[in-house]
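What follows is a set of notes on a single structure, which appears directly below.
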Amino acid sequence: MKKILLFMLALMLMVPTLSAEAASNESASKGKVLLVASSTNTLTLKDGKVDPTGYFLDELAVPSMRLIKEGYQVVLATPKGDIPVMDKVSNNVALFHGNQAALDEALDFVQHDPVMLHPIKIKDAIAEGLDNYAAVYVPGGHAPMNDLMQDKDFGKVLRYFHETGKPTAFLCHGPIASLAALDDPAGYRKALVSGTFDEQAEKSKNWQYAGYRMTIYSNAEEYSVEENVQQFTAFET
């Protein structure tokens, strides 16, 4: 039975301890994992409002630190090869089960670890050879809805991992990036924004994940969060 392996969900339930030795000793590595994040830090809504965005701290840091602890080398890649931006909303101890030490560890990782400070371009990972990577992982946050879901280079990455049967993992909003594997992901995104469903259906043909079962943050959940944010903002002002 065909599946997309969402193995990172289990990792999110754990509080890892970063192993500096595993991080620095590439020769002893079990293999490389390609961590893919967005190069964008804002999201433009239909009403023209521009919201700050980025990756969610827990969704990027916790799985990455766990992979390093388990002996994998994590390589961060973005479309532009720049350091991705954290969504400040995710700097929240509640997302770490109230564990301040776990939050501080995650912040230290994204602010100081060489993995985060030396990203590469997605196309450079391709040029290096994707056979050097054991898996690919995309964390959530709204940012993948901008560039990753229509990035043709990332589409090549997804097609490689799909064709070779290597693990492809997404979390929360991350699965939206799987649309990069479409023949015309930019065209599909435009159709999605404009609400032209016939065009969406046409643009979605030949998608390698058609017929697969996967989970992603739903519209109903999104509306609920938007309402809570609006209420919180009104309370703060």
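Computed quantities for the displayed model
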{"quantity": "Residue match in region 121-137 (condition: open to solvent by less than 40 Å² (accessible area, probe 1.4 Å), of a type in the set (D, E, K, R) and assigned to a helix (DSSP H, G or I))", "calculated": "no"}
{"quantity": "Residue pairs meeting the criteria (Cβ under 6 Å; at least 6 apart or on separate chains; first more than 22 Å from ASN41 (Cα to Cα), in region 147-173; second in a helix (DSSP H, G or I) and open to solvent by 10 Å² or more (accessible area, probe 1.4 Å))", "calculated": "LYS156/ILE126; TYR160/LEU130"}
{"quantity": "Positions within region 82-108 being open to solvent by less than 20 Å² (accessible area, probe 1.4 Å) and either part of a helix (DSSP H, G or I) or of a type in the set (Val, Ile, Thr) (or both), in sequence order", "calculated": "SER90, PHE96, ALA102, LEU103, ALA106"}
{"quantity": "Subset of region 191-209 [of a type outside the set (Gly, Ala, Ser), free of Cβ contacts under 8 Å to residues at least 24 places away in the same chain and surrounded by 15 or more Cβ atoms within 10 Å (Cβ to Cβ)]", "calculated": "LEU192, GLU199, GLN200, LYS203"}
{"quantity": "Looking only at region 67-81, and only at residues there that are touching a strand residue (DSSP E or B) at 6+ places or on another chain (Cβ under 9 Å), farther than 17 Å from LEU148 by Cβ and not polar (S, T, N, Q), the one that is most open to solvent (accessible area, probe 1.4 Å)", "calculated": "TYR72"}
{"quantity": "Every residue from region 44-66 that is open to solvent by 20 Å² or more (accessible area, probe 1.4 Å) and either part of a strand (DSSP E or B) or out of contact with any Gly (no Cβ under 8 Å at 6 or more places or on another chain) (or both)", "calculated": "THR44, LEU45, LYS46, ASP47, GLY48, LYS49, VAL50, ASP51, PRO52, ARG66"}
{"quantity": "Filter pass, ASP113 being in contact (Cβ under 8 Å) with a residue 12 or more places away in the chain, of a type outside the set (Gly, Ala, Ser) and within 19 Å of ALA61 (Cα to Cα)", "calculated": "yes"}
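Residue by residue, here is whether (1) of a type in the set (Lys, Arg); (2) part of a strand (DSSP E or B) holds:
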| site | (1), (2) |
| --- | --- |
| VAL110 | no, no |
| PHE154 | no, no |
| LEU158 | no, no |
| PHE161 | no, no |
| LYS166 | yes, no |
| ALA169 | no, yes |
| ILE176 | no, no |
| ALA180 | no, no |
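The values are calculated or read from the model by the stated rules, or taken from the named source; none is laboratory data. As the structure is a prediction and not an experimental result, all values here were calculated from the model. Cβ sites come from the backbone with ideal geometry, for glycine too, and all protein chains shown count toward neighbours. Only protein heavy atoms, including side chains, enter the accessible area calculation; ligands, DNA and RNA are left aside. Shrake-Rupley method; radii C 1.70, N 1.55, O 1.52, S 1.80 Å.
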